[in-house]
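In what follows, a structure is listed as structure tokens, so that the remarks can point back to it.
The values are calculated or read from the model by the stated rules, or taken from the named source; none is laboratory data. Since the model is a prediction, treat every value here as computed from it, not as a measurement. Cβ atoms come from the backbone with ideal geometry, glycine included; neighbour counts cover every protein chain shown. Remember, those area values only see protein heavy atoms, side chains included, never the ligands or the DNA or RNA. Shrake-Rupley method; radii C 1.70, N 1.55, O 1.52, S 1.80 Å.
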Amino acid sequence: MTVDPGTISPAALLGTFETPLWLPQYTGGTWGQWVLSVILLPASRGYWGIPYATLGSAVLTGPVHDGDTTWMSIVPMEVESQEIGIAAARGHTVVLGLGMGWAAANVALNPAVERVTIVERDPNVIALIAEQGVFDQLPAAARDKITVINADAFDWRPDAPVDSLQADIWAKVVESGKWNDIHRLQANIDAASVYFWGQEMELYRLACREAGGVPTDLSDADVERLAAQTGLPLVLSRQAGLAARIAARARWWTPNKDGWWEA
Ligand SMILES: C[S@@+](CC[C@H](N)C(=O)[O-])C[C@H]1O[C@@H](n2cnc3c(N)ncnc32)[C@H](O)[C@@H]1O
């Protein structure tokens, strides 16, 4: 069910879920094929598995090749799943995929970040975020770091060295082509560090492939080794117990189907 909400305050909709990250205000409406609205949502699970009582979620739906999909929603899962990348951003950070502008805004608020280049392929998304005044809500020091470029991320090349890359151009947390995509993107961008949305679950895919099934004793050292084997400078959480957290949460965020990891 959707409602036409006028002003949307994602923070007020998140109920018992709290985050130190910044949440903008939005206005409901339609821009081309993109719709910003509120869905009613009485409960929502965070990326790390905790269920929260929520009221609703600000949602952005838009076109995919075979119809429309939810591209972004401000829910505990999305907020928690971007935290590691936002915290690790530094220097010149490239954000691939503007969406609701939320992750990019938080990258700009990170004091370790000097410049944020956002690459978005759909001009309607860029117009939507401009009209919503998402970045105008930021303090000037953060807002002034941001440049938005209308380009396909796979064709775009940076004009200066990139210290960190934050990629979120996918609609689903795990997708069969993600590793191929991220290697292609990094081949052009050559960032000193890389974080992409759903990265932990994609590392779990690699762990399942290696084990030939669901791994029974995945360790933090295994996760680090699998990440290193990709050849990408991936940013990992420094908190101990990452492997156990990934393995426990994979039941929520990966397809519960034997062999999904082979795709
Ligand atoms: C999941 S949303 C990003 C959400 C964003 N992290 C946020 O905080 O709201 C993905 C965005 O990537 C864009 N996108 C998809 N494929 C792209 C591509 N090849 N190049 C650039 N942008 C792309 C979509 O139009 C969409 O705006």
* Using Cα pairs closer than 8 Å and at least 6 residues apart in sequence, work out the relative contact order for the stretch 199-262, in percent. => 46
* Among bridges DSSP assigns within the chain, what percent are antiparallel (round to 5)? -> 50
* Asked: For the pair Asp144 and Asp258, how long in nm is the line joining their label points, each one 7 Å along Cα→Cβ?
  -> 6.1
* To do: Note the direction-averaged projected area, equal to a quarter of the hull surface, for the Cα convex hull of the stretch 2-75, in nm².
  => 5.5
* Structure fact -> Amide H contacts under 5 Å for Ile8, restricted to residues at least 5 apart in sequence or on another chain and with H modeled in the peptide plane, are Tyr26, Thr27, Gly28
* Can you list which of the chymotrypsin sites (Phe, Trp or Tyr not before Pro) found in the stretch 148-206 are DSSP loop residues with at most 15 other C-beta atoms within 10 Å? => Phe154
* Structure fact -> Computed over the stretch 119-263, the relative contact order (Cα-Cα under 8 Å, seq sep at least six) in percent reads 22
* Is the stretch 1-152 rounded, prolate or oblate when judged by the Cα gyration tensor, a ≥ b ≥ c being the square roots of its eigenvalues, rounded requiring a/c under 1.5 and prolate requiring a/b larger than b/c? -> oblate
* Structure fact -> Taking a ≥ b ≥ c as the square roots of the Cα gyration tensor eigenvalues, with a/c under 1.5 meaning rounded and otherwise prolate when a/b beats b/c or oblate if not, the stretch 199-262 comes out prolate
* Paramagnetic label zone (point 7 Å from Cα along Cα-to-C-beta, Glu131; backbone N under 16 Å) in the stretch 63-97 -> 63
* Determine the share of the chain's accessible area contributed by carbon and sulfur atoms, expressed in whole percent, with a 1.4 angstrom probe. => 52
* the stretch 84-107 residues near the modelled Arg238 label - backbone nitrogen below 18 Å, point 7 Å along Cα→Cβ -> 84-91
* To do: Work out from phi, with θ = phi - 60° and the Karplus expression 6.51 cos²θ - 1.76 cosθ + 1.60, the ³J(HN,Hα) of each residue of the stretch 244-249, listed in order in whole Hz, and give x for Gly and Pro.
  => 5, 5, 4, 4, 5, 8
* Taking a probe of 1.4 Å, how large is the accessible area per residue of the stretch 155-206, in Å²? -> 36
* Structure fact -> Output row, site Glu18, 7 Å Cα→C-beta label point, backbone N cut-off 17 Å, window the stretch 73-99, residues 76, 80
* Taking Cα pairs under 8 Å and at least six residues apart, what relative contact order does the chain come out at, in percent? -> 15
* **Over the stretch 129-174, equivalent-ellipsoid semi-axes from the Cα gyration tensor in Å** => 22, 17, 12
